[in-house]
Amino acid sequence: MQEDSPVQNENTPDTPHTEQPQRAGRRNRLVVLSAAALVALGLGGVAVATTGGDHPAPAAVSLDAQARAEAASRADRSVRGSSTPVAPSLSPTPSPSAVSASPTPAKKAAAKAKPKPKKTTRPTPAWVDPMPGAAVTSCYGQRWGTLHAGIDLALPSGTPIHAAAAGTVTQAGDASDGYGNSVFIDHGNGYLTHYAHQSRIAVTVGQKVKAGQVIGYEGATGDSTGPHLHFEVHQGMWNQIDPAPFMRARGVDLGC
Ligand SMILES: [Zn+2]
């Protein structure tokens, strides 16, 4: 039944007053203990005093910290405010568009320029080697007491013979004086070329030929010790000249 009485006492205003003396006693005990502790420290009291003197300092620091925090918040606001309208973010946008636009016309120009040189074909030279790759067995000059009036070019029988330059065929057939099957081409500039000892002739008199065109095939007809092309240059009919310097002056080296 005693348990019910305190509940009733709490409802009454007098009950708190009864508890106050107990709390006051605890406070007094704490003050005594704290005083005893200060006395116990004794010698350390000086240090306590110095630390006590420093107490206002931390308060000032705390004020400074608040001021700094406020300044920092202002700084962040100022930075944020300044960073938002910054132009650099806008500048990179137009630059890539300008870069992407410039290479496009450059590639088109390069693509247009490349095919042009490929379409160009080499023009046929005015004068060509009548039998390319042949070995020179005799040059123009005195031989065995007589004039060898041409250059002998040797390759296996049947090798194609090419017109040294464009012109008109003036003779095509068996010629006299041991030339065998021969072709004469008049180049229209006072010069003629003569191709002797052919095994077979591929052109006819009056035919117009181009430089490099096949006019016949190498052989050993006529007075010949073996298959070869006897090549002559005439400055006027039957006025043979040395073919080597004549052809060399026109870009063809026959090797003599
Ligand atoms: Zn010869």
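Among the residues of segment 199-256, count how many are within 15 Å of the ligand (Cβ to nearest atom), among the aliphatic types (A, V, I, L, M) and over 16 Å from residue 173 (Cα atoms).
Kept after step one, since they are within 15 Å of the ligand (Cβ to nearest atom), are these residues of segment 199-256: 218-234, 240-244, 254-256.
Pick out the ones that are also among the aliphatic types (A, V, I, L, M) and you get 220, 229, 233, 241, 244, 254.
Next, only the ones that are over 16 Å from residue 173 (Cα atoms) stay: 233, 241, 244, 254.
Total meeting the criteria: 4.
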Report yes if some residue within segment 109-117 is at pLDDT 55 or above and of a type in the set (Gly, Ala, Ser); otherwise report no.
no
Pairs needed: first member in segment 226-243, over 19 Å from residue 216 (Cα atoms); second member anywhere, within 11 Å of the ligand (Cβ to nearest atom) and of a type in the set (A, V, I, L, M); C-beta distance under 6 Å; at least 6 residues apart or different chains.
240/149; 243/151
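Filtering segment 135-145 down to residues that are within 12 Å of the ligand (Cβ to nearest atom) and modelled with pLDDT of 95 or more, which residue is nearest to residue 214 (Cα to Cα)?
136
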State whether one or more residues within segment 200-220 are free of Cβ contacts under 8 Å to residues at least 40 places away in the same chain, among the hydroxyl-bearing types (Ser, Thr, Tyr) and assigned to a loop (DSSP other than H, G, I, E, B).
yes
Determine whether segment 123-131 contains at least one residue that is under 16 Å from residue 240 (Cα atoms) and within 16 Å of the ligand (Cβ to nearest atom).
no
Restricting the search to segment 153-188, which residues are surrounded by fewer than 18 Cβ atoms within 10 Å (Cβ to Cβ), free of Cβ contacts under 8 Å to residues at least 24 places away in the same chain and in contact with a strand residue (DSSP E or B) (Cβ under 9 Å, 6 or more places away or on another chain)?
186, 188
Name every residue in segment 189-205 that is within 9 Å of residue 222 (Cβ to Cβ) and surrounded by fewer than 22 Cβ atoms within 10 Å (Cβ to Cβ), in order of residue number.
none
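Residue 170 - would you say it is in a strand (DSSP E or B) and more than 14 Å from the ligand (Cβ to nearest atom)? Please lay out each step first, then the result.
Working: in a strand (DSSP E or B): yes; more than 14 Å from the ligand (Cβ to nearest atom): yes.
Answer is yes for this residue.
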Hey, can you tell me all the residues within segment 244-256 that are touching a residue at least 40 places away in the same chain (Cβ under 8 Å) and in a helix (DSSP H, G or I)?
244, 246, 247
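The values are calculated or read from the model by the stated rules, or taken from the named source; none is laboratory data. Keep in mind it's a predicted model, so treat the numbers as computed, not measured. For neighbour counting, all protein chains shown are included, and Cβ atoms are generated from backbone atoms with ideal geometry for every residue, glycine included.
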